[in-house]
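The values are calculated or read from the model by the stated rules, or taken from the named source; none is laboratory data. Just so it is clear, the structure is predicted and the values come from calculations on it, not from any experiment. As a convention, Cβ positions derive from the backbone with ideal geometry for all residues, glycine included, and neighbour counts pool all protein chains shown.
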Amino acid sequence: MTRAGKESKGKEVRRYYAALYHAWGAQHWWPAETRFEVIVGAYLTQNTAWTNVERALAQLRVAELLSIDGIRRVPLNKLERLIRSSGYFRQKARRVKTFVAFLDKKYAGSLDQLFSEPTDKLREQLLGLNGIGPETADSILLYAGNHPVFVVDAYTRRILDRHKILLAKTNYEDIRELFQSALAPLAHEQEQSTATLASQLESGIHGAAHSPSAMSTAARTALVQVYNEMHGLIVGVGKHFCKKTAPICAECPLQPFLPPGKAD
Ligand code: SF4
């Protein structure tokens, strides 16, 4: 991609952020009370709808096992049973246990120690764990650790492809780089704005928004907040409008940006 091409795509991404945020406001991702709950949710959401994850998390909560120590001591077969609703439950149970074993071995069981590592080093370590691909690693880094990385998901790819910005099969890192560099200037603007925080707290439930949670309202840098918000807004577009088949372009806030003859 040429520099001019990258700049024009970046500008387009910023326009999408502005349009979506104007339409829906803050999305309050991730809906969780603790960092560990985000991590477990990031594993469980692989290849399934969030509603199935919520059921599995509720089971763990009721059993008082939604904690590092809980996952450490629960027998594998019981964990499998509790998270069954999230699908691929045997695989996911092993993977969650692997994460806790890694945390114990490398960071004495401490998420504070884990997340105090530099972003690149920690990302590399997470990617080395069984069952963690870039989307899961970045979800953990961004939503649990407040590290400045953008999460690329299938909705992001679909929107970019339908809007002729990048092909859906584009390399994950290239898409991440596009969003990170495009959104970084907005973080500076947000740092100057007191209206942003107020609007986040006042916003209603639109797009894919959740009610404010301990994690969604935790202190974080403006850059992390912008990456967080953009991913949440994209989830809203994908969930409600940019469906795999039959996208509902006429009602989508990104319709004004749709190239002629695409999608609808
Ligand atoms: S639903 Fe249509 S307008 Fe909205 S993002 Fe998808 S392709 Fe674009």
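Brief remarks on what is shown
- Residue count for segment 214-232 under the criterion of being assigned to a helix (DSSP H, G or I) and among the small types (Gly, Ala, Ser): the result is 2.
- For segment 233-264, taking the residues that are near the ligand (Cβ under 6 Å from one of its atoms) and in a helix (DSSP H, G or I), the one that is surrounded by the most Cβ atoms within 10 Å (Cβ to Cβ) is identified as Val237.
Residue-wise test of (1) over 16 Å from Val38 (Cβ atoms); (2) at pLDDT 95 or above; (3) not acidic (Asp, Glu).
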residue	(1), (2), (3)
Leu111	no, yes, yes
Phe115	no, yes, yes
Val149	no, yes, yes
His163	yes, yes, yes
Gln180	yes, yes, yes
Ser199	yes, no, yes
His206	yes, no, yes
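- Applying the criterion of at least 1 residues that are within 27 Å of Lys244 (Cβ to Cβ), among the polar types (S, T, N, Q) and not assigned by TED's automatic domain parsing to the domain that holds Leu223 to the helices (runs of 4 or more DSSP H) found wholly in segment 109-171 leaves 134-139.
- Subset of segment 1-20 (residues that are more than 19 Å from the chain's Cα centre (by Cα) and over 18 Å from Asp174 (Cα atoms)): Arg15, Ala19
- Restricting attention to segment 233-261, the residues that are more than 10 Å from Tyr155 (Cα to Cα) and β-branched (Val, Ile, Thr) total 2.
- Restricting Glu33, Glu7, Glu12 to those that are charged (D, E, K, R) and within 30 Å of Gln91 (Cα to Cα) reduces the list to Glu33.
One line per residue, one yes/no per condition, for (1) over 18 Å from Gly131 (Cα atoms); (2) touching a residue at least 12 places away in the same chain (Cβ under 8 Å):
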{"residue": "Asn52", "(1), (2)": "yes, yes"}
{"residue": "Ala58", "(1), (2)": "yes, no"}
{"residue": "Leu65", "(1), (2)": "yes, yes"}
{"residue": "Gly70", "(1), (2)": "yes, no"}
{"residue": "Leu82", "(1), (2)": "yes, yes"}
{"residue": "Ser86", "(1), (2)": "no, yes"}
{"residue": "Gln91", "(1), (2)": "no, yes"}
{"residue": "Lys97", "(1), (2)": "no, yes"}
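- In segment 21-46, the residue that is surrounded by the fewest Cβ atoms within 10 Å (Cβ to Cβ) out of those that are over 14 Å from the mean Cα position of the chain (by Cα) and not aliphatic (A, V, I, L, M) is His22.
- Among the residues of segment 153-167, those that are hydrophobic (A, V, I, L, M, F, W, C) and either near the ligand (Cβ under 10 Å from one of its atoms) or more than 18 Å from the chain's Cα centre (by Cα) (or both) comprise Ile159, Leu160, Ile165, Leu166, Leu167.
- Some residue of segment 168-178 being within 16 Å of the ligand (Cβ to nearest atom) and surrounded by fewer than 19 Cβ atoms within 10 Å (Cβ to Cβ): yes
- Unique match (being surrounded by fewer than 17 Cβ atoms within 10 Å (Cβ to Cβ), in the same structural domain as Leu166 (by TED's automatic domain parsing) and at pLDDT 95 or above) among Arg15, Arg61, Arg55: Arg15
- The set of residues in segment 1-42 being assigned to a loop (DSSP other than H, G, I, E, B), within 18 Å of Leu167 (Cα to Cα) and in contact (Cβ under 8 Å) with a residue 12 or more places away in the chain consists of Met1 alone.
- The C-beta contact set for segment 218-246 (first residue closer than 13 Å to Val151 by Cα, second residue within 15 Å of the ligand (Cβ to nearest atom) and among the acidic types (Asp, Glu), distance under 9 angstrom, 6+ apart or interchain) comprises His231/Asp153; Ile234/Asp153; Val235/Asp153.
- Qualifying residue in segment 43-50 (condition: more than 24 Å from Ser110 (Cα to Cα), free of Cβ contacts under 8 Å to residues at least 12 places away in the same chain and either part of a helix (DSSP H, G or I) or of a type outside the set (Val, Ile, Thr) (or both)): yes
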